[in-house]
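Engineer: Mind having a look at this structure? Questions to follow.
The values are calculated or read from the model by the stated rules, or taken from the named source; none is laboratory data. From a predicted model like this one, the values you see are computed outputs, not experimental measurements. Quick reminder, even Gly has a Cβ in these numbers, built from the backbone with ideal geometry, and neighbours come from all protein chains shown.
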Amino acid sequence: MSVNLFDLSGRVAFITGAASGLGFAMAEAFAEQGAIVVLADVDAEALRRAVGRLTQAGHRAEGVDLDVRDPRQIRMRIDEVVARHGKLDICCCNAGISGGPPFSRPEGQIENIDLATWDNVVRINQTGVFATMQAAAAVMKPRKSGRIIVTCSISGLVTGSISGYTYSASKAAVIHLVHLAAVELAPYNIMVNGFAPGPFLTNIAGGRLHREPETVAFMASTVPLKRVADPSELKGLALLLASDASSYITGTVIPIDGGATAM
Ligand SMILES: NC(=O)c1ccc[n+]([C@@H]2O[C@H](COP(=O)([O-])OP(=O)(O)OC[C@H]3O[C@@H](n4cnc5c(N)ncnc54)[C@H](O)[C@@H]3O)[C@@H](O)[C@H]2O)c1
């Protein structure tokens with residue numbers, strides 16, 4: 001009998017920023033492999049549509065309102081998942097926003113960085129991710145089991161022509177959080193990994209990629225594969241990191257970038 005290493009039947013997954021883009025792709029991938037998926041997002045209308053897509057396809061999906069800027073709300077939502085389903089197996093710390101232009105543009109140069117924008121990006125991309133990791137670890141530790149998956153970015157690995165100081169610094173920070181938590185949580189059989197996407201066609205930055213073909217073409221030109229990715233192309237890696245297929249992988253941040261960081 002063959003074993004499906006990627007089977008997630010009966011596993012419970014919580015995904016922040018799951019109403020759109022990469023978060024939705026992960027929710028769909030897990031649900032397709034039998035998981036119960038809890039989609040959390042600040043955009044209530046998009047969340048309703050996203051959950052509807054999954055339930056109409058016959059999957060077990062729930063939506064919960066969540067603003068990751070509020071750590072108490074994160075903890076409450078995760079505690080509610082455990083109260084409803086008895087456990088949390090997989091937590092994707094994914095909600096994130098863009099953070100302003102690169103320094104190739106005047107408004108992205110160091111003296112012009114807007115610190116109000118900086119604070120908001122850090123609250124969502126860094127503190128929001130950390131608070132989600134914290135809440136997940138708190139319920140996973142006693143069970144000595146779990147997977148925490150952090151959406152990082154190649155902008156946190158290398159400097160480049162697409163992202164500015166604010167976004168890149170927030171993503172570099174969460175890469176280190178993956179390393180720290182992986183080491184602390186290894187004795188509890190909790191694997192902590194991240195992935196670092198290159199350009200994916202999502203609704204990030206207010207959906208500007210859908211309106212600006214020239215921006216998409218420029219991003220594609222920065223990647224050896226010469227195209228931006230569809231969110232569904234994350235599914236394989238997300239399943240790897242969430243499933244028994246990665247039983248000896250922890251503390252890594254895997255680029256999924258069409259070769260961009262190899263250049
Ligand atoms: N698209 C890319 O090219 C790319 C590249 C590298 C990394 N990423 C990262 O991927 C993650 C997902 O982004 P995406 O590209 O799918 O964008 P997206 O805008 O399509 O999805 C992000 C989701 O997060 C939600 N969100 C935003 N702020 C939130 C908050 N405060 N609380 C809860 N939810 C909130 C949004 O409502 C949205 O549904 C982000 O962390 C982003 O930085 C994206």
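Engineer: Inside the stretch 52-77, can you point out the residues that are in contact with a helix residue (DSSP H, G or I) (Cβ under 6 Å, 6 or more places away or on another chain) and farther than 18 Å from ARG123 by Cβ?
Structural biologist: LEU54, HIS59, ALA61, GLY63, VAL64, listed by residue number.
Engineer: Pick out the one residue from SER246, SER170, SER153 that is hydroxyl-bearing (Ser, Thr, Tyr), at pLDDT 95 or above, within 30 Å of LEU115 (Cβ to Cβ) and in contact with a strand residue (DSSP E or B) (Cβ under 7 Å, 6 or more places away or on another chain).
Structural biologist: Of the residues listed, the single one that is hydroxyl-bearing (Ser, Thr, Tyr), at pLDDT 95 or above, within 30 Å of LEU115 (Cβ to Cβ) and in contact with a strand residue (DSSP E or B) (Cβ under 7 Å, 6 or more places away or on another chain) is SER153.
Engineer: Suppose we keep only residues that are more than 16 Å from the ligand (Cβ to nearest atom) and of a type outside the set (D, E, K, R) within the stretch 59-89. Which one would you say is surrounded by the most Cβ atoms within 10 Å (Cβ to Cβ)?
Structural biologist: If we take residues in the stretch 59-89 being more than 16 Å from the ligand (Cβ to nearest atom) and of a type outside the set (D, E, K, R), then LEU88 is surrounded by the most Cβ atoms within 10 Å (Cβ to Cβ).
Engineer: From the residues in the stretch 10-52 that are away from the ligand (no atom under 12 Å from the Cβ) and assigned to a loop (DSSP other than H, G, I, E, B), which one is surrounded by the fewest Cβ atoms within 10 Å (Cβ to Cβ)?
Structural biologist: So the residue we want is GLY10.
Engineer: Next up: Identify all residues within the stretch 162-202 that are of a type in the set (S, T, N, Q), more than 14 Å from the chain's Cα centre (by Cα) and within 13 Å of the ligand (Cβ to nearest atom); write none if there are none.
Structural biologist: Residues satisfying the conditions are SER163, THR166, SER168.
Engineer: List every residue pair whose Cβ atoms lie under 7 Å apart, where the two residues are 6 or more positions apart in sequence or sit on different chains, the first residue falls within the stretch 24-52 and is of a type in the set (S, T, N, Q), and the second residue, located anywhere, is in a helix (DSSP H, G or I).
Structural biologist: Every condition considered, the pairs that remain are GLN33/LEU239.
Engineer: From (1) within 16 Å of the chain's Cα centre (by Cα); (2) under 25 Å from LEU115 (Cβ atoms); (3) at pLDDT 95 or above, pick out the condition that doesn't hold for ALA205.
Structural biologist: That leaves (3) as the condition not met.
Engineer: Sticking with this one: Condition (residue is of a type in the set (D, E, K, R), assigned to a loop (DSSP other than H, G, I, E, B) and modelled with pLDDT of 95 or more) applied to the stretch 56-65: is it met by at least one residue?
Structural biologist: Yes, the stretch 56-65 contains at least one residue that is of a type in the set (D, E, K, R), assigned to a loop (DSSP other than H, G, I, E, B) and modelled with pLDDT of 95 or more.
Engineer: Scan the stretch 211-259 residue by residue and report those that are among the aliphatic types (A, V, I, L, M), more than 17 Å from ILE148 (Cβ to Cβ) and within 19 Å of the chain's Cα centre (by Cα).
Structural biologist: Matches in the stretch 211-259: VAL228, ALA229, ILE256.
Engineer: Quick check: is even one residue across the stretch 138-145 away from the ligand (no atom under 16 Å from the Cβ) and without any contact (Cβ under 8 Å) to a residue 40 or more places away in the chain?
Structural biologist: Checked against the condition, which is being away from the ligand (no atom under 16 Å from the Cβ) and without any contact (Cβ under 8 Å) to a residue 40 or more places away in the chain, the stretch 138-145 yields at least one hit.
Engineer: State the number of residues belonging to the stretch 120-137 that are in contact with a Lys or Arg (Cβ under 7 Å, 6 or more places away or on another chain) and either within 11 Å of the ligand (Cβ to nearest atom) or not in a helix (DSSP H, G or I) (or both).
Structural biologist: Here the count works out to 4.
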